[in-house]
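What follows is a single structure, written as structure tokens, with notes after it.
The values are calculated or read from the model by the stated rules, or taken from the named source; none is laboratory data. This is a predicted model, so every value here is computed, not measured. Virtual Cβ from ideal backbone geometry, glycine too; neighbours counted across all protein chains shown. Areas reflect the complete protein model, heavy atoms only, side chains present, ligands, DNA and RNA absent. Shrake-Rupley method; radii C 1.70, N 1.55, O 1.52, S 1.80 Å.
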Amino acid sequence: MDVLIESRDIEVSNSLRKEIEKKFQSAGKIYNRAASCDITIFKENDTEQNNYCIEAKIVVPRNVLFAREKAESFESALDKLVTDLKHQPLKYKEKLEEVR
């Protein structure tokens with residue numbers, strides 16, 4: 001699965017890039033027909049503590065899986081996001097099997 005990482009108005013460190021790629025490569029093994037994954041990293045301008053955001057869009061045949069998480073750091077937002085995205089392909093696979 002190809003992983004494309006974009007950021008809005010911030011510099012993404014190499015260590016964070018490597019961690020993102022590593023986590024999404026392992027998440028891609030759950031649903032091996034995923035074509036690509038687009039990750040967007042940004043910091044929201046609000047007064048809340050949870051203003052580090054990560055969005056992910058995974059393209060699978062006939063569908064797009066999307067998740068967005070906010071947390072106090074990019075690393076914790078990434079962990080929450082990966083957990084959420086690991087469940088979505090499983091639900092999608094179950095739905096496809098029900099149709100057959």
Being open to solvent by less than 70 Å² (accessible area, probe 1.4 Å), under 23 Å from D2 (Cα atoms) and more than 12 Å from the chain's Cα centre (by Cα) is the filter here; which residues of segment 60-73 pass it? V60, P61, N63
Do we have E6 as among the acidic types (D, E), modelled with pLDDT under 85 and open to solvent by 80 Å² or more (accessible area, probe 1.4 Å) here? no
Mind checking which residues of segment 24-47 are modelled with pLDDT under 85 and under 12 Å from the mean Cα position of the chain (by Cα)? F24, Q25, S26, A27, G28, S36
Tally time: how many residues in segment 44-56 are touching a Cys at 6+ places or on another chain (Cβ under 7 Å) and open to solvent by 20 Å² or more (accessible area, probe 1.4 Å)? 1
Condition check for L4: touching a Ser or Thr at 6+ places or on another chain (Cβ under 8 Å) and assigned to a strand (DSSP E or B): yes
Just a yes or no: is a residue in segment 85-99 in contact with an Asp or Glu (Cβ under 9 Å, 6 or more places away or on another chain), farther than 16 Å from V12 by Cα and surrounded by fewer than 16 Cβ atoms within 10 Å (Cβ to Cβ)? no
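Conditions (1) charged (D, E, K, R); (2) outside any loop (DSSP other than H, G, I, E, B); (3) in contact (Cβ under 8 Å) with a residue 60 or more places away in the chain; (4) under 14 Å from N32 (Cα atoms), marked per residue:
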{"residue": "N45", "(1), (2), (3), (4)": "no, no, no, no"}
{"residue": "N50", "(1), (2), (3), (4)": "no, no, no, no"}
{"residue": "I54", "(1), (2), (3), (4)": "no, yes, no, no"}
{"residue": "F66", "(1), (2), (3), (4)": "no, yes, no, no"}
{"residue": "E75", "(1), (2), (3), (4)": "yes, yes, no, no"}
Criterion violated by K70 - all others in (1) closer than 16 Å to S26 by Cα; (2) touching a helix residue (DSSP H, G or I) at 6+ places or on another chain (Cβ under 8 Å) satisfied: (1)
